[in-house]
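A.B. asks: If you scroll down you'll find the structure; I have some questions about it.
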Amino acid sequence: MPGRKILLCAAAMLVAASNFADARPDTLKMTCEQTQALIQSQHAAVLGTGPNAYDRYVRQFGNECDAPYLPMVDYVPTGDGRCMVYRCEEPAPMVLD
């Protein structure tokens, strides 16, 4: 019954994937202050920002971004409105005249 083993394995993977998604903090269920405190306490956090939407957010001052990326301002929706956070992004190239 190799087909049954494959089916059981696929079902286990589906359950694990759905549990992982449920474990991700959701900014819509937190206040801005809670969202910012979570990022500060963990130095970096993957946060859900809506249905099937998530990203990694970091502290403003720290080494959570790999070079050449830097913490750049971003905004996420929270339970009490729009909240300023930081996300690793590659800075725009400097134009020299």
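A.B. asks: Using the count of nearby Cβ atoms within 10 Å as a rough guide to exposure, how do TYR57, TYR69 rank from fewest to most? Could you put the intermediate results ahead of the total?
C.D. replies: Working: TYR57 25, TYR69 14.
The fewest-first ordering by Cβ neighbours comes to TYR69, TYR57.
A.B. asks: Work through the residues other than GLY79 whose Cβ is under 15 Å from its Cβ and net out their charges, Lys, Arg +1 and Asp, Glu -1.
C.D. replies: Details: positive: LYS29, ARG82; negative: ASP26, GLU33, ASP80.
It works out to a net charge of -1.
A.B. asks: Residue-wise, which Karplus ³J(HN,Hα) couplings in Hz belong to the range 81-97, taking 6.51 cos²θ - 1.76 cosθ + 1.60, θ = phi - 60°, and x for glycine or proline?
C.D. replies: Working through the residues one at a time gives x, 9, 10, 7, 9, 10, 9, 6, 9, 7, x, 5, x, 7, 9, 9, 8 Hz.
A.B. asks: Kindly provide log₁₀ I(q)/I(0) values, in the same order as q = 0.12, 0.20, 0.30 Å⁻¹, from the Debye equation applied to equal alpha-carbon scatterers of the range 26-89.
C.D. replies: For the range 26-89, the Cα-only Debye profile gives -0.25, -0.69, -1.37.
A.B. asks: VAL73 to ALA92: extension gain in nm, 0.36 nm per residue of separation minus the Cα-Cα distance?
C.D. replies: Details: separation 19, 0.36 × 19 = 6.84 nm, distance 1.34 nm.
Stretched fully, the VAL73-ALA92 segment lengthens by 5.5 nm.
Values quoted throughout were computed directly from the atomic coordinates according to the rules given, and no laboratory measurement underlies them. Computed from a predicted structure; not experimentally measured. Neighbour counts are summed over all protein chains in view; Cβ atoms, including those assigned to glycine, are modelled from backbone coordinates with ideal geometry.
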